[in-house]
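For reference, the structure is listed below as structure tokens.
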4 protein chains.
Amino acid sequence: MVASEPTPGEAAELEAMYATMSRENMVPLWTQIDELMPMVPSPAAVPHVWRWDTILPLAARAGDLVPVGRGGERRAIALANPGLGGLPYATPTLWAAVQYLGGLETAPEHRHSQSAFRFVVEGEGVWTVVNGDPVRMSRGDFLPQPGWNFHGHHNDTDAPMAWIDGLDIPFVRGMDAGFFEFGTERVTDEATPDISRSERLWCHPGLRPLSRLEDTPATPIGAYRWEYTDRALSEQLALEDEGYPATVGQGHAAVRYANPTTGGDVIPTIRAEFHRLRPGVATRTTREVGSSVYQVFEGQGAFVLNGERTTVTKGDMIVVPSWAAASIEAETQFDLFTFGDQPIFERLHLNRTFIEGQTTTKDQHQ
Amino acid sequence: MVASEPTPGEAAELEAMYATMSRENMVPLWTQIDELMPMVPSPAAVPHVWRWDTILPLAARAGDLVPVGRGGERRAIALANPGLGGLPYATPTLWAAVQYLGGLETAPEHRHSQSAFRFVVEGEGVWTVVNGDPVRMSRGDFLPQPGWNFHGHHNDTDAPMAWIDGLDIPFVRGMDAGFFEFGTERVTDEATPDISRSERLWCHPGLRPLSRLEDTPATPIGAYRWEYTDRALSEQLALEDEGYPATVGQGHAAVRYANPTTGGDVIPTIRAEFHRLRPGVATRTTREVGSSVYQVFEGQGAFVLNGERTTVTKGDMIVVPSWAAASIEAETQFDLFTFGDQPIFERLHLNRTFIEGQTTTKDQHQ
Amino acid sequence: MVASEPTPGEAAELEAMYATMSRENMVPLWTQIDELMPMVPSPAAVPHVWRWDTILPLAARAGDLVPVGRGGERRAIALANPGLGGLPYATPTLWAAVQYLGGLETAPEHRHSQSAFRFVVEGEGVWTVVNGDPVRMSRGDFLPQPGWNFHGHHNDTDAPMAWIDGLDIPFVRGMDAGFFEFGTERVTDEATPDISRSERLWCHPGLRPLSRLEDTPATPIGAYRWEYTDRALSEQLALEDEGYPATVGQGHAAVRYANPTTGGDVIPTIRAEFHRLRPGVATRTTREVGSSVYQVFEGQGAFVLNGERTTVTKGDMIVVPSWAAASIEAETQFDLFTFGDQPIFERLHLNRTFIEGQTTTKDQHQ
Amino acid sequence: MVASEPTPGEAAELEAMYATMSRENMVPLWTQIDELMPMVPSPAAVPHVWRWDTILPLAARAGDLVPVGRGGERRAIALANPGLGGLPYATPTLWAAVQYLGGLETAPEHRHSQSAFRFVVEGEGVWTVVNGDPVRMSRGDFLPQPGWNFHGHHNDTDAPMAWIDGLDIPFVRGMDAGFFEFGTERVTDEATPDISRSERLWCHPGLRPLSRLEDTPATPIGAYRWEYTDRALSEQLALEDEGYPATVGQGHAAVRYANPTTGGDVIPTIRAEFHRLRPGVATRTTREVGSSVYQVFEGQGAFVLNGERTTVTKGDMIVVPSWAAASIEAETQFDLFTFGDQPIFERLHLNRTFIEGQTTTKDQHQ
């Protein structure tokens, strides 16, 4: 950006000045602005797919070799985005991992300001205990564990179980906002009820307990059961068939997991949704500020990310970085769980979305 | 407030001045302040009980004598608070009525800025159609119809059906905020589905359709089914038995009907709740700003209002004016539907509650 | 709405039924619906103008004849809308009065849940003391006194002073939400500072005291000074002259008095604004839900209300009922203070506005 | 966390597994949890002080050697936190720089989703043009430039001027949320008015233009003038002297720059405040989630950061990382400008504060 080529004398003076700046812990903007302030988001994170038939055997192998317990806390293996230099981060904000608990094992209780959830693509037998409330984990269930709640897991059966964990660990680490406390070695309640107390209080549609009128930043529901999710999606498609507006796009049903005290996202930093596409349906190519992780729950299809098409199937996990051009194509009925960091951007008015073929972007600026 | 007795000359001058004021459409504060600004709310409305075995036969009699149709619009008979001079107002803000629809009759469609709901203490066979969505009405169901939605009712059976209507008619009339439009003579959809499209979209606990992310001032749910209400109350009492906090008071379960897009009240001007008391339980005597109407859904008990105790049973309707001292006593298990105008006061920061035996009032002022 | 003329026998049966209903405190909807639920708001209140040269002499007369003090509390004379049967209500929600305080007189302290403000069309010399903070009252000042703050007034001079009071007395009375407490006979602080402590804390544009980070339902500012209002209006017109968007309409500058903790209305139930029209400017004919009171501060013009044109000048007070068609025409530069009840309707989603010549209404329904 | 020492065979198996994981872009939690999820925030950023008499000459030197113009965009030199490996970041979220504009120079217009502000510790002569509105920059002024507004600067005098820039560049970069667009080479309006149009519209205390009723995520005010800030602080201390609560602590006046449309922070991601301490006053040692930058505006004092005390004087800049123990001591009257990222944490419910000597932390968790 220096208008003309400096003379050798000028160059020497410049170099001396830059050296002084460096020694004084100062850095010029003009040499770095392209990197610091690109025209559009240019993430280091890249689109990537992890295969369930790679993930699961590795988790099982760890189940053989690594004990679970205090210190390591969890037998969880994180997706490390290939663009992020080996850090255990799916994206700059999101942690996504598979967790594996052997028969009769217990993951000890702790709490942290990071928010977490579990999603179960297959299996059963583990109860996660959140602030003393045992919550059954079964296929298709979404189980949030908002920040600073004590929680542990225990396997009530002889068979191992695996599920995925999502957290805002990278975000909270980068922001220097994390607190952590150890709890008990064993879970505080080893009961194995079919439904948790949180569900018994909260999972009656449209009804709010009079004893719980204060809004909470995160959802008080401990489990969003597959039975309800599946039915909600089926009903949207049935309504579409009957000619009523119910889906987000033709052949595309979707629900967002919500905090019943506000109608907003389940967790202040994390959005979670479930999508179902009819066979043959493709979503419009979309770019949005914020990153997402998907897991295929059932069926087969493809992700087209920045122009590259990858076929995926049950259990496969896909990372979509910020502003990546993304489209999803369904070969069979295609059921997808997804989570992302969009609530952060919406709360800070930094969200922006671009849908190909539409003339305007939808964002806070315009 | 004139410090000393005026002389006859002064009295004449005063009288002349008051006459001038009156002619000029002006009124002094100092002669009226006690009435205008009492120390505590002193409603003209009084506590009162209407008996179901009076209400229902009168409604049936009207069914014989009065046709339903365009012009009169509804065969509804309102509770007229004895303190309100013959006005068809349960309280200064609330309309409460019984509506009666004979076999195969139709109440034509219309819409109005007043918000409404139905609650069914007994019977079935009628579908209410809200913006084209037919909603079955059955015992124990709460069916909101927020302002400016077209709605009509039709009886699909040979037998008559009665239910109660609640609206904010007195409030909207007093505030000069009412708009009204006629719709079709017949309901726009005569189908009789078991559940409405609104329920199929919205009644999956904690799940929000991605096609409906915009918050609405009133609930989008057309029916809050008894099955869910009953289960929610039973679970609260069961949790209490197991030693967990779930009820609003010992032996007192309660839910508030909520708008799932916000977690708040179903209607901006109306709160609606369902309470269940165990036999022998009595609530603490409470005064609150705002008025309420109760209907006994099942069981037997008593209301103690401003010190006067009245026994009530299934279908009886009870009005509690603003700031009346109120306590409820359960003889059997006692199930109560109730609605009130509290959201108005909360949104305007005029709410205040006094519970006997507590040292402080809970309100916005202190 | 009875389809055909009843036979004499039917008529007798109907009459007997209506008599029974009346005895049982019940009223049919079908005979009353037109009155209860009109097509558009049909207020009993009517547009009306009170002349300052009528109001002020009457107030002065009361100053001669009626002492001010505990019991009567205030020497205030209310505008009584001719349509409201002699009630001291400007509209169904708003109280508007002239208050008059003789030389060296004191209006004793009290507090009430009703919210109040003062506006000074002329004069000076009185301090109003709000929660112990003495606030000078001078021409053009707007002085809010939100609900439940102790307040009294004292005249520090030999000359009398008059001003207008606005309150939500009719609304709070109709809603049975009023509380009242007596305070001291004398004001708690007889100092006469030029600016109040509330102004010293809050009246620095865009700056919020770090000691006052909690939002309050009503404004913490005790006086909105004429100097600032006048300058704000002048700047809007100057910006318009320079070609920048600043006014609400060509030649029409306006400010809303705001709560600096939220940016919203000064009082939950009352909106207050100041408008300035250039000579020759006329506003578009507008209907809105909610009622307003205007006082001419300076200049001459006309109000056209439901088609009737009335010329008004300094001090004159004008009432505009809900949904009245209203237009304002400026003959000279025309300065107007106004207050209304619109925040109530906005918070309850009952607001609606219709501007003649525009094809759509702007409201919550459409 | 492996309970006992592995045998050589086990160690080999473990090593093989870790190698597989690495190849598959997966990373175990149990080997990294201490780093990822520390007990309390353990920032890489460190407390640090930059001296104005180092900063300013370096900026002047750059003024001699480096032209300002399209490409480099700005002659700004950033504080690079010594803990952040040479990145031009004051903290993980905040950019803090000195910007230098020579006589008659222009910094070209551009816009970006990053939010910015200027603060002027000394000098004058530059106008910053925000969306076409020229804003004078003078000593003590705080000048926000929220995201996506076009802006440029031009020096109307022969003398150079320096000021500090604050932005959320590191946050937006880390979050992959940045957009950038070039504007005109020259500023779009070279007028040099004493006050900007934004001030003429908005800087009348408590008054909101009726033409601007829509809330904006960031402040619409282009300049918060020193005259008002100084007076607000003086009044707080005077009120304290008179015995009224006005300061945040004994001898400690402070204001927060606010968005008048909401009462909240000026910018969604950045908080800005001005503090004045009387001589001899020391603040209580405090830790909070989130990082801050201070600049001494006037006077002399010390920062005690994680136990280390540094004396600072006019122009010096101090960085306080997240959760650092910080106290400020005033030797003379001590005037401090400060900005930080606290709004991010508050909006995401990740804020937490610990004040030494108080028994509880104030945060969302407890």
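We did not get these values from a lab; they are worked out from the coordinates using the rules stated. Please read all numbers here as calculations on a predicted model, not as lab measurements. All Cβ positions, glycine included, derive from the backbone under ideal geometry; neighbour counts span all protein chains shown.
Which values of log₁₀ I(q)/I(0), to two decimal places, follow from the Debye formula for the stretch B:120-217 at q = 0.13, 0.14, 0.21 Å⁻¹ with a uniform point scatterer at every Cα?
Those come out to -0.57, -0.66, -1.24, one per q.
With the dipole of the stretch C:48-363 worked out from charges on the C-beta (+1 for Lys and Arg, -1 for Asp and Glu) around the Cα centre, which of C:A282, C:L167, C:P343 lies farthest toward the positive end?
C:P343
Please give me the summed charge of the neighbours of A:L79: other residues whose Cβ is under 13 Å from its Cβ, Lys and Arg +1, Asp and Glu -1.
-2
Suppose each label sits 7 Å from its Cα in the direction of the beta carbon; what would the A:F182-B:R23 distance come out to in nanometres?
Each label point lies 7 Å from its Cα, and together they span 9.2 nm.
Give the range of the longest stretch in chain C that excludes all trypsin sites (Lys or Arg not before Pro) found in loop regions by DSSP and having at most 14 other beta-carbon atoms within 10 Å.
C:187-283
Between B and D, which B residue has the Cβ nearest their rotation axis, distance in Å?
B:D215, 8
What Kirkwood Rh does the stretch D:31-141 have if only Cα atoms enter the pairwise 1/r average? Answer in Å.
For the stretch D:31-141, inverting the mean 1/r across all distinct Cα pairs yields 16.5 Å.
For helix C:52-65, what angle does its Cα long axis make with the longest principal axis of chain C, in degrees from 0 to 90 and rounded to 10?
80
Using a simple charge model, +1 on the beta-carbon of Lys and Arg, -1 on the beta-carbon of Asp and Glu, nothing else, what dipole does chain A show about its Cα centre, in debye to the nearest 20?
440
Can you tell me the orientation of helix D:8-23 relative to chain D, as the angle in degrees between its alpha-carbon axis and the longest Cα principal axis, to the nearest 10?
Roughly 40 degrees, rounded to the nearest 10.
Would you kindly work out, in nm and rounded to one decimal, the distances from the label point of A:E15 to those of the same position in each other copy, ordered shortest first, with label points 7 Å along Cα-to-Cβ?
4.5, 11.0, 11.6
Excluding residues on the same chain fewer than 8 positions from C:K314, give the aspartates and glutamates whose Cα lies under 13 Å from its Cα.
Candidates past the 8-residue exclusion: C:D53, C:E122, C:E298, C:E331, C:D335.
At B:R309 and D:D215, where each label point lies 7 Å from the Cα along Cα→Cβ, what is the point-to-point distance in nanometres?
Simple spin-label model gives 5.0 nm for this pair.
Can you tell which of A:H154, A:P321, A:L79 lies farthest toward the positive end of the dipole of chain A, using +1 and -1 charges on the Cβ of basic and acidic side chains (Lys, Arg; Asp, Glu)?
Checked the options; the winner is A:H154.
Would you kindly work out the equivalent ellipsoid of the stretch B:260-366 from its C-alpha gyration tensor and give its semi-axes, the square roots of five times the eigenvalues, largest first in whole Å?
Rounded to whole Å, the semi-axes are 24, 18, 12.
If you count, for every residue in A:59-71, the Cβ atoms of partner chains within 10 Å of its Cβ, what is the mean?
4
Pairing the Cα long axis of helix A:226-241 with the longest principal axis of chain A, what angle in degrees results, from 0 to 90 and rounded to the nearest 10?
Taking the Cα atoms of chain A, the angle to A:226-241 is about 80 degrees.
Is the shape of the protein assembly as shown rounded, prolate or oblate, going by the alpha carbon gyration tensor and its root eigenvalues a ≥ b ≥ c, with a/c under 1.5 for rounded and a/b larger than b/c for prolate?
Judged from the Cα gyration tensor, the protein assembly as shown comes out oblate (a/c at least 1.5, b/c at or above a/b).
Just to check I understand the Karplus step: with θ = phi - 60° and J = 6.51 cos²θ - 1.76 cosθ + 1.60, what whole-Hz values come out for the stretch D:143-149, glycine and proline as x?
In residue order, the calculated couplings are 10, x, 9, x, x, 6, 9 Hz.
Cα centroid distance between the stretch D:218-282 and the stretch B:120-149, in Å?
55
Can you list, shortest first in nanometers, how far B:E308 lies from the same residue in the other copies, with each label 7 Å from Cα toward Cβ?
Nearest first, the other copies' label points are 4.4, 7.9, 8.1 nm away.
Name the residues of the stretch C:268-285 whose amide N is less than 18 Å from a point 7 angstrom out from the Cα of C:A238 along the C-beta direction?
From the stretch C:268-285, the list is C:276-278.
Excluding B:D316 itself, what net charge comes from residues whose Cβ is under 9 Å from its Cβ, given Lys and Arg +1 and Asp and Glu -1?
Net charge around B:D316: +1.
Helix-only mean residue ellipticity at 222 nm, chain D, DSSP H runs n ≥ 4 weighted -39,500 (n - 2.57), per residue, nearest 500. What is it?
Taking each H run of at least 4 residues, the total per residue is -5500 deg cm²/dmol.
Points 7 angstrom from Cα along the Cβ direction at B:V40 and A:Q250: gap in nanometres?
Calculated label separation equals 6.6 nm.
Give the nm distances, rounded to one decimal, from A:G85 to the matching residue in every other copy, measuring between label points 7 Å along Cα toward the beta carbon; shortest first.
Distances between equivalent label points, in nm: 0.2, 8.0, 8.0.
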